[in-house]
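The values are calculated or read from the model by the stated rules, or taken from the named source; none is laboratory data. Keep in mind it's a predicted model, so treat the numbers as computed, not measured. Cβ: placed from backbone, ideal geometry, glycine included. Neighbour counts: every protein chain shown.
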């Protein structure tokens, strides 16, 4: 084992955290969507270890975002409660299933890898074609969500609970576009704030469950956070000057290609 393996902060992981932090700061998307596949494909971590570690990584970063949005009164807590009503039990059931089959079993590894690939593809599509998807639904179903948004929001939460528990992906891009469709009259800033706020209990609960299952690498987690925090700060300032359309097209294409790679790997 080399000297670098004994370092508390490992440069390779910290640099990856920096890159992902930049992506999140620039586009608002890319936390779990980029971090987990990087850990699996480039650092050859076991899928469950990558997912579990990334979940606590996401919980820590989303807490900062929630604090800012809450202070600015841009969180709709009724939407957060509805999402959590679906996501919390779904997350618990998913974690129990992982525990039952065993974290290192072929079935769990395949399920995690497949869920990661599917979630990445869905995130890519929602990122690249968000405006078209929303416009299409508004055109044919102008009152979509009215009168039934509460039940549909709970259902969305349940789907996110399963996807996030298995892949750590979905709470960002998928959650945002679902809320845009369900609450078309709600300002975008409140949708984003509500989605980020819901991601905290979701990723924290799923992360603690993975901790109990023994899939968290805390040395890795520390290195990722050391890199990501300055990355998010720099990216957030850079977002004021960067071309939004180009960045989202680039990120969406990357997610799509990585999603295909994960599906061929499963």
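With the condition kept exactly as written, say whether any residue in the stretch 198-206 is in contact with a helix residue (DSSP H, G or I) (Cβ under 9 Å, 6 or more places away or on another chain) and either over 24 Å from residue 87 (Cβ atoms) or not in a helix (DSSP H, G or I) (or both). No, because not a single residue in the stretch 198-206 is in contact with a helix residue (DSSP H, G or I) (Cβ under 9 Å, 6 or more places away or on another chain) and either over 24 Å from residue 87 (Cβ atoms) or not in a helix (DSSP H, G or I) (or both). Does the stretch 170-178 contain any residue that is over 30 Å from residue 136 (Cβ atoms) and without any contact (Cβ under 8 Å) to a residue 40 or more places away in the chain? Within the stretch 170-178, none of the residues are over 30 Å from residue 136 (Cβ atoms) and without any contact (Cβ under 8 Å) to a residue 40 or more places away in the chain. For residue 118, the conditions (1) surrounded by fewer than 22 Cβ atoms within 10 Å (Cβ to Cβ); (2) within 17 Å of residue 196 (Cα to Cα) are fulfilled apart from (2). Among the residues of the stretch 63-111, those identified as at pLDDT below 85, over 18 Å from residue 209 (Cα atoms) and part of a loop (DSSP other than H, G, I, E, B) are 72, 73, 74.
Based on this model, can you work out whether residue 207 counts as closer than 19 Å to residue 47 by Cα and crowded, with 24+ Cβ neighbours inside 10 Å? So residue 207 passes the test.
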